[in-house]
Amino acid sequence: MVQSGDIIGYFKSKHFRDIVLKEMLKMISNKGDIKIKEFAKLKKNTSKKMRTLGITNVALSSSVDLHADEIVDNLIKGDAKNLDIFMPVKKVKGIKVIAPLSLFLDEEILLYAKLRGLQFKEIKIKKDNIEIFLDEFEKKHPEVKRAVVNSLLELYKKN
């Protein structure tokens, strides 16, 4: 996902996924010639502003839960043509977008944050019907979210 000399930008937040992402990026930067830059969410001309900051990669704190919810939501709405946005590594307007947490469930990321004693803020996010359905389905059939994401990854590998 990253190479020596990369400058990785990430969005500043107190959410547990973002805190774990920050911790992971710090570990990566300590082991190699990689710099990290934290910035607040940008609303306009995001890629242009990132390039002016010298950012070569943007790290997102996407998880299996987020990807599975969005994939199923897009499929239900009949918007299957844009599913490639859920790839763990992609290029968007000249900047590599990486999602290092994309193969982990929220519950795994949260457990890691608690075990490491990371300081985060519990943020309640209102879930739509699809997210609620997938959460309940996952309780009865563990790994269904991972199966949704892995199926999409397999489809793109074949193409």
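A short reminder: the numbers here are calculations on the coordinates, not readings from a lab. Note that the structure is predicted; figures quoted are calculated from it, not measured. Positions of Cβ are generated from backbone atoms using ideal geometry, with glycine treated the same way; all protein chains shown enter the neighbour counts.
Listed values for region 134-142 are Karplus-derived 3J(HN,Hα) couplings in whole Hz (6.51 cos²θ - 1.76 cosθ + 1.60, θ = phi - 60°), namely 5, 4, 5, 5, 5, 4, 7, 10, x, and x replaces Gly and Pro. Using C-alpha pairs below 8 Å separated by at least 6 residues, the relative contact order for region 7-158 is 30 percent. Think of the chain as a dipole: +1 on every Lys or Arg Cβ, -1 on every Asp or Glu Cβ, centred on the Cα centre; then among Phe86, Ala99, Phe39, Phe39 lies furthest on the positive end.
Considering only Gly117, Phe137, Asn150, whose Cα is most displaced toward the positive end of the charge dipole of region 68-156, charges sitting on Cβ of Lys, Arg (+1) and Asp, Glu (-1)? The residue sitting most towards the positive pole is Gly117. The gain in end-to-end length when the Lys139 to Asn30 segment is fully stretched comes to 35.5 nm, 0.36 nm per residue minus the alpha carbon separation. Dipole check for the chain: with +1 at the C-beta of Lys and Arg, -1 at the C-beta of Asp and Glu, and the Cα centre as origin, the magnitude is about 960 Debye.
Near the amide H of Lys37, within less than 5 Å, lie the amide hydrogens of Ile8, Gly9, Tyr10, all on another chain or at least 5 residues away, with H placed in the peptide plane.
Of all the options Leu105, Leu115, Leu21, the one that moves most in a Gaussian network model of the chain with Cα springs shorter than 10 angstrom is Leu115. The eigenvalues of the Cα gyration tensor, multiplied by 5 and square-rooted, give region 63-153 an equivalent ellipsoid with semi-axes of 22, 19, 12 Å from largest to smallest.
In order along region 7-22, the phi-based Karplus estimate (6.51 cos²θ - 1.76 cosθ + 1.60, θ = phi - 60°) of 3J(HN,Hα) comes to 10, 9, x, 8, 7, 6, 6, 9, 5, 4, 5, 5, 5, 5, 4, 4 Hz; Gly and Pro are listed as x.
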